[in-house]
Each structure stands twice: as C-alpha cells, then as structure tokens.
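Okay, so here's the structure we're looking at.
The values are calculated or read from the model by the stated rules, or taken from the named source; none is laboratory data. Being a predicted model, the structure only gives us computed values, none of them experimental. Cβ: placed from backbone, ideal geometry, glycine included. Neighbour counts: every protein chain shown.
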C-alpha cells in the first residue's frame, strides 16, 4: 500500500535573523576598522613586511654596486669644490632595474638642476613608504643612509666609496640605513641622517612603524623600538671596537 507523501511544512521565518545580521554587520565593521591605518595591527604588520622587502632590495642593489665597481657608492657625489650634488639613491638605480631613469640624470649637476629636478617626481616604487604612498608623487622617501659627514666613520661616507673589507666590526654588526616614516627626504637630494641626530631624535615609537627599521651591512633588517634605542649605539660606526681587529 502506497504511503502518501509527507506534508511539507510552511516556511518558518527565522526569528533571530535580524540579530544575526546585526552581529555579522558589526563584525565586518570591526574588521574594516582594524585594517585602517593606525587603528589595528594587521595593516601595520603588512606595511612593516613591505618596508623590510624594500630595504632588502636596496641592500642587494648596494652589494651589486660593490660587485660592479669594487666599492659601495658614496653617500653623495660631490663636485670639484666638495659640494654635494646628489644622493647614493641615484647611483644604485641601474641595480634596481631603473637604468632608463638613471640615464636621464645629468651626473655632473646637482639634484635640483633644471635637468635633474623634474626627475624627483619619478621616484621608484622601492623608495616609497608603505605607510604614506602619496609621498611617491612628491618624490619623498623614508629610506635614509646613516652618514657621518664629519669623520666618515659610517659604511656610507661622503664623496668616497668604501669596500666591504673596510668594515672591521663586521657587516652584520654595522648599520647602513634606516626606514623612519616619521622623517621623509627628497630621494635624489644628498640628505640622510647623522649618527648623533639618529640617536637623539624624537621618540621612535611616535611614527607608524612604532620604531625604526635598521638595515645592516649584511643585508639583514631589524626593527628597533624606542626601548631598544641603546642597541643602535654599537651599530653605527664601522670601527668602534665591537669586534677586535685581527693582526698587530
């Protein structure tokens, strides 16, 4: 004997649907809020990783420059009177796959000459701050060399390149450049940061990195918070006795 088909029950509305939709909406808003600059960790952490990648590309370009010319680029090129012309960031352009941009520079003229000044606005992506991408349109970068313009005791020194063998403290124990999104400079301009200025500048944790990224001579990148500022003291100069020299 055939059984009659089961009677379908009429659709029952879900009484808690408004509540569920409300919870989902606020969860979505919370996620968006967390991803906004300065409001949560996910976006900040992503930008920090991008900053590290930029610094590693810069380090590779510096080492490739050394392989090509037998020394690192000077912190800035000078004219015959010793006046600064343009930054090391210009010199490593071919190593960053920007040969065409490099070829547009008048290498005998300063960064703000009629030929070179318009090139400021063609700043490569690798020099752009992940935290302030709009500064690319202004030609401003947070990637600064640590430059001792008085005694030339840093890896990058004015007017004259340095070989990697001229770093007796060891490349991994010597800082070469930093990322400080709280301080921007025009990328072609011979403008970096002095060691003393770096050690005494405003608290690092007031910028979007909550510290600074430090690029060492071996290409490694380390984040230093305000509480770790003292660690930089032994990393600034090429020869401060951190590692004893060999020989007499």
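To keep it simple, each residue is scored yes or no on (1) more than 21 Å from residue 159 (Cβ to Cβ); (2) touching a residue at least 24 places away in the same chain (Cβ under 8 Å).
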position: 184; (1), (2): yes, yes
position: 197; (1), (2): no, no
position: 201; (1), (2): yes, no
position: 212; (1), (2): yes, yes
position: 217; (1), (2): no, yes
position: 221; (1), (2): yes, yes
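Residues that are surrounded by fewer than 20 Cβ atoms within 10 Å (Cβ to Cβ) and in contact with a strand residue (DSSP E or B) (Cβ under 8 Å, 6 or more places away or on another chain) within segment 202-223 comprise 222, 223, listed in sequence order. Scanning segment 120-148 for residues that are assigned to a loop (DSSP other than H, G, I, E, B) and either buried (at least 20 other Cβ atoms within 10 Å of the Cβ) or over 17 Å from the mean Cα position of the chain (by Cα) (or both) returns 123, 128, 129, 130, 131, 139, 142, 148.
Within segment 166-173, not a single residue is without any contact (Cβ under 8 Å) to a residue 60 or more places away in the chain and buried (at least 19 other Cβ atoms within 10 Å of the Cβ). Take residue 191 and tell me if it is out of contact with any helix residue (DSSP H, G or I) (no Cβ under 8 Å at 6 or more places or on another chain), modelled with pLDDT of 95 or more and either buried (at least 17 other Cβ atoms within 10 Å of the Cβ) or more than 23 Å from residue 232 (Cα to Cα) (or both). Yes. Within segment 59-78, no residue that is over 22 Å from residue 151 (Cβ atoms) sits with its Cβ atom under 6 Å from a residue that is modelled with pLDDT under 95 and surrounded by 21 or more Cβ atoms within 10 Å (Cβ to Cβ) at 6+ positions apart or across chains. For residue 117, the stated conditions hold: it is out of contact with any strand residue (DSSP E or B) (no Cβ under 9 Å at 6 or more places or on another chain) and surrounded by 14 or more Cβ atoms within 10 Å (Cβ to Cβ).
Tallying residues that are part of a loop (DSSP other than H, G, I, E, B) and under 25 Å from the mean Cα position of the chain (by Cα) within segment 71-89 yields 5. Candidates are the residues of segment 223-248 that are over 19 Å from residue 152 (Cβ atoms) and part of a loop (DSSP other than H, G, I, E, B); the one that is modelled with the highest pLDDT is 225. Of all residues in segment 138-152, those that are at positive phi and in contact (Cβ under 8 Å) with a residue 24 or more places away in the chain have Cβ atoms under 8 Å from Cβ atoms of residues that are surrounded by fewer than 24 Cβ atoms within 10 Å (Cβ to Cβ) and assigned to a loop (DSSP other than H, G, I, E, B), 6 or more apart or on another chain, in 139/123. Against the definition (in a loop (DSSP other than H, G, I, E, B), out of contact with any helix residue (DSSP H, G or I) (no Cβ under 6 Å at 6 or more places or on another chain) and touching a residue at least 12 places away in the same chain (Cβ under 8 Å)), how does residue 110 come out, yes or no? Criteria met by residue 110. Within segment 89-114, being within 24 Å of residue 54 (Cβ to Cβ) and in contact with a strand residue (DSSP E or B) (Cβ under 6 Å, 6 or more places away or on another chain) holds for one residue alone: 111.
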